[in-house]
Structure formats: C-alpha cells, structure tokens
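Q: Mind looking over this structure? Questions follow.
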Amino acid sequence: MGIALIVHGGAGAIEEHQVVPHRDGARRAAQIGWEVLTKGGNALDAVQAAVIAMEDDPAFDAGVGSFLDRDGKVSLDASLMDGRTLDAGAVAGVQRVKNPIALARRVLESEHTFLIARGAEEFAAEKGIALIENAALRTPEQIAIWEQCRANPPGRDGARYVPLQGFGTVGCVAVDRAGNIAAGTSTGGMKFKRVGRVGDSPLIGAGVYADNARGGASSTGWGEAITRVVLAKYAVDALVDDRDPRDIARAAIEHLARRVGGTGGIIIADARGRIGFAFNTPRMARAFIVEGMAEIVAEC
Ligand code: ASP
C-alpha cells in the first residue's frame with residue numbers, strides 16, 4: 001500500500017498548440033496534490049488542491065477559462081467524494097463561484113449531496129465563499145470561441161447528434177498514507193452547451209466515485225454517454241480480485257464505446273495505490289505519481 005495521485009485535464013481533440021499548456025498544467029496540479037500527500041495530508045485535501053490548481057489555470061475547461069454556454073455565460077459543475085465515509089458533494093450550474101470544487105467540499109461536509117444554481121450560490125455565500133461576477137470567469141480566448149460557435153452553431157449533423165467538441169474538464173484521484181481514497185471532477189461542461197445542460201461531471205457514480213474498499217475514479221468526455229453507463233462507478237466496482245487498474249480503465253472505456261458509442265477518458269487509483277488511465281479520444285492530458293517514482297510523469 002502506498003500513496004498515489006493521478007490527475008486528468010480532459011480528453012478530446014486537444015489541438016497541437018494546447019498540448020504543452022495542458023501537459024504542464026496537469027503536472028503542476030499533480031505536484032501540488034502530491035505535496036499535500038507527502039506532507040501527511042489526506043486524500044480529500046490533495047484532490048481539492050490539485051483540482052483548484054487546474055480550475056485556476058485558464059488552459060482547462062474548469063473555473064476561469066471554461067467554455068461559455070449558448071447565452072454567453074460560464075456555468076460550472078463539480079463533484080468530490082470521500083472513499084472513507086462515502087460522503088459526496090456536488091454542485092451544478094454555478095455561475096458566480098471561482099472554485100466549484102471548494103464549494104463541492106462544503107456540500108460534502110453538509111447534510112446534502114447535490115446543490116444547483118442559485119441555491120448552491122446562496123449556500124456558498126452562507127459558508128463564506130466569495131461570490132464573483134460571471135465575467136471574471138470568461139477569458140478573451142473563450143469569448144472568441146463562443147463567437148465562432150454562434151456564427152456556426154455546432155451540434156447536429158442531419159438526424160445524428162454530434163457531441164459538441166470540447167475538452168479540458170479536470171479531475172483527480174488520490175490515495176493517502178492512511179489508505180483513504182478521494183476523487184474529484186470539475187468542468188465548465190461541453191462547448192457552447194445549452195443553458196441548463198448538466199453532464200456527467202457532478203453526478204456521483206458517473207463523473208466521480210471513490211470507495212476505500214476498492215478505489216476511486218474521475219471521468220471526462222462526452223457527458224451524456226458517460227452518464228448512461230455510470231462510468232466511474234462501473235470502473236470502481238470492477239476493482240476486485242486484485243485486478244490491475246490499467247486493465248480496468250481500458251475495459252471501462254471499451255464499455256463506454258461499445259455500449260453507448262461514447263468517447264472520453266478515465267483515471268483510476270486502487271486501494272493499493274496503483275493507478276490506471278485510458279481514453280479513446282485523440283488526446284487526454286494527465287499526470288501521475290505513485291510512491292517510489294522519482295518524479296511526476298505528465299503526458300498529453
Ligand atoms: N464530461 C464533461 C461534460 O460532459 C465534459 C468533458 O469532460 O470535457 O460536461
């Protein structure tokens with residue numbers, strides 16, 4: 001048993017010029033989370049710290065720099081799960097919070113598991129989390145992408161639904177010294193999404209899952225497909241009989257593709273501190289380190 005941490009920065013058609021920012025951003029986030037673990041911190045704090053680093057990095061579709069919805073606003077979803085207690089916290093459709101994962105943490109610590117939109121923001125204010133203007137989450141790059149989408153709306157190709165391209169959702173799974181496992185996911189959702197649309201990321205079981213008895217997982221990709229196969233729970237449930245998380249990650253993504261034609265990626269850590277990941281998109285930004293490794297491996 002050892003400490004371990006893996007992050008993803010989204011799966012999709014990450015363009016050439018975005019590869020380095022995604023890879024380096026994932027590495028920085030993993031470093032921040034890893035420091036929490038190596039100093040004896042718990043898995044939940046490590047996940048939260050790593051996800052906040054990526055929410056604050058405009059390279060990713062989470063926090064500042066997220067894709068804009070059709071109405072030109074950013075709305076954010078996030079989830080966090082504690083594998084020790086199975087406590088979970090999630091928020092969706094949040095427009096005035098800089099770090100939705102920190103708000104998901106407060107929900108996890110409350111009597112609720114899921115708060116949305118205005119109610120989630122009211123709860124944030126009650127908990128002393130500053131409410132910001134939505135404009136503070138919008139970057140010039142994302143406003144330009146939104147204007148292109150408005151001029152040429154993506155979405156349908158005849159009768160077939162084409163998932164809106166997008167990538168940059170972030171997630172993290174960590175195992176701490178005490179063997180506790182936590183997982184978290186945060187996103188601005190799909191590019192140019194319908195107002196009110198929520199994907200898999202804040203759904204416990206689909207976008208995130210953690211159970212100390214088995215492991216933890218965070219998903220990314222086409223949210224509607226991931227939701228229908230409850231991907232994160234599907235993967236964690238398969239972590240039995242000492243099976244290798246690398247095989248489980250591959251099997252989960254194969255299941256996503258075969259059963260619902262889905263595209264995306266997943267990161268996993270098991271109770272022994274082993275990690276795995278898989279994706280069926282052109283790229284997925286990720287970074288990981290487990291006890292005994294000299295340094296973080298970051299790839300995209
Ligand atoms: N899964 C996210 C969603 O559907 C998007 C992503 O992972 O890129 O909202």
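Q: Is one or more of the residues making up segment 27-50 within 15 Å of the ligand (Cβ to nearest atom) and open to solvent by less than 30 Å² (accessible area, probe 1.4 Å)? Lay out the reasoning, then the answer.
A: To start, the set of residues in segment 27-50 that are within 15 Å of the ligand (Cβ to nearest atom) comprises none.
No, every residue in segment 27-50 fails to be within 15 Å of the ligand (Cβ to nearest atom) and open to solvent by less than 30 Å² (accessible area, probe 1.4 Å).
Q: Among what's in segment 52-98 and is within 13 Å of the ligand (Cβ to nearest atom), of a type in the set (A, V, I, L, M) and within 12 Å of the chain's Cα centre (by Cα), pick the residue that is farthest from ALA269 (Cα to Cα).
A: Once the filter is applied, the top-ranked residue is LEU76.
Q: When you scan segment 64-162 for helices (runs of 4 or more DSSP H) that lie fully inside it, which ones turn up with 3 or more residues that are out of contact with any Asp or Glu (no Cβ under 8 Å at 6 or more places or on another chain) and within 19 Å of ARG197 (Cα to Cα)?
A: The helices (runs of 4 or more DSSP H) meeting that bar are 117-126, 140-151.
Q: A further question on this structure: So for segment 153-166 (the condition being under 21 Å from ALA90 (Cβ atoms), at pLDDT 95 or above and within 14 Å of the ligand (Cβ to nearest atom)), does at least one residue qualify? Walk me through it before giving the result.
A: Filtering segment 153-166 for residues under 21 Å from ALA90 (Cβ atoms) gives 166.
So of that shortlist, the ones also at pLDDT 95 or above come out as none.
Within segment 153-166, not a single residue is under 21 Å from ALA90 (Cβ atoms), at pLDDT 95 or above and within 14 Å of the ligand (Cβ to nearest atom).
Q: Go through segment 173-247 and tell me which strands (runs of 3 or more DSSP E), entirely inside it, have 2 or more residues that are within 16 Å of the ligand (Cβ to nearest atom) and not β-branched (Val, Ile, Thr).
A: Correct list: 181-187, 215-221.
Q: Continuing with this model, one more query. In segment 198-222, how many are out of contact with any Pro (no Cβ under 7 Å at 6 or more places or on another chain) and either modelled with pLDDT under 95 or more than 30 Å from TRP146 (Cβ to Cβ) (or both)?
A: Selection size over segment 198-222: 9.
Table: residues versus (1) of a type in the set (A, V, I, L, M); (2) farther than 18 Å from TYR209 by Cβ; (3) modelled with pLDDT under 95.
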site	(1), (2), (3)
ALA43	yes, no, no
VAL51	yes, no, no
GLU55	no, yes, no
ASP82	no, no, no
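Q: Exactly one of these conditions fails for GLY261: (1) out of contact with any Leu (no Cβ under 9 Å at 6 or more places or on another chain); (2) open to solvent by less than 10 Å² (accessible area, probe 1.4 Å); (3) at positive phi. Give me its number.
A: Tallying (1) out of contact with any Leu (no Cβ under 9 Å at 6 or more places or on another chain); (2) open to solvent by less than 10 Å² (accessible area, probe 1.4 Å); (3) at positive phi, GLY261 fails exactly one: (2).
Q: Counting only residues that are under 14 Å from THR187 (Cα atoms) and in contact (Cβ under 8 Å) with a residue 60 or more places away in the chain, which one in segment 81-98 is most open to solvent (accessible area, probe 1.4 Å)?
A: Only one residue tops the list, namely GLY93.
The values are calculated or read from the model by the stated rules, or taken from the named source; none is laboratory data. Note that this is a predicted model, so its numbers are computed, not measured. Neighbour counts run over all protein chains shown; Cβ positions are idealised from the backbone, glycine included. The area values use the complete protein model at the heavy-atom level, side chains included, leaving out ligands, DNA and RNA. Shrake-Rupley method; radii C 1.70, N 1.55, O 1.52, S 1.80 Å.
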